[in-house]
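Data first, discussion second: the structure below is written as structure tokens.
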Amino acid sequence: MRYSRLHRRCAGLVHRLDREIGGIPRPFDLNTLLDRVEAHRGRPIELHATRVTGGPCGLWLRQADQDVIVYAENTSTVHQTHIVLHEIGHMVCAHRGACDLPLDSLTDLVSPERAQLAEHMLRRSTYGTEEEQEAEMVATLLRLAAETPPDELVDDRRLTGDESGFYQRMADVFG
């Protein structure tokens, strides 16, 4: 997917989420964002830190009654936050991705009972797929949105013809 199309699509999703959850916390606060996303989705989100030695550094487990985000505990706080935002990105984009980890391999990350409850999972290891690129873009834009007043978030539907033409020319030049 071209960068300009990816950015436009993800910016629209972040803008919509900002409206629907009552605002991305400004200044940014991950716990407040999680509370608002939980309320919006109507299901709890549990965070689970684990020691990662190779493989994915983040994982979203969509269970029947809750979402579980597993993230690397042996990395910086900034990186941990970004991992969690990336997994929220999968939720925001409504990704269904391939379930590419066998359930028995999850017992290293969460309890065997919890692993068996998993309906669907997404893992982050490379950014070669469109879904991973979207989740990564949403994570980045969520963090940037926390530094931007809501009325200044770029939403293609709010651009004038001149503004839209300007952004399209920029995208054509820079990709």
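Coordinate-derived values only; no laboratory data. What you are looking at is a predicted structure, and each value in this text was computed from that prediction instead of being measured. Note: ideal-geometry Cβ built from the backbone for every residue, glycine included; neighbour counts use all protein chains shown.
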**Message:** Can you tell me the length gained on complete extension of the stretch residue 6 to residue 49, counting 0.36 nm per residue apart and subtracting the Cα distance?
**Reply:** 12.5 nm
**Other-chain or far-sequence residues with amide H under 5 Å of residue 47's (modelled H)** = 69
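How many percent of the alpha carbon pairs in the range 1-84 exceed a separation of 21 Å? The partial results should precede the final answer.
Numbers: 1496 of 3486 pairs.
The proportion of pairs with Cα distances above 21 Å equals 43 percent.
If each residue's Cβ is checked for other Cβ atoms within 10 Å, how do 69, 21 rank with the fewest at the top?
Values: 69 22, 21 18.
By the 10 Å Cβ count, ascending, the order reads 21, 69.
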**Fill in**
The simple spin-label model distance between residue 75 and residue 20, using points 7 Å out along Cα→Cβ, in nm, is 2.6
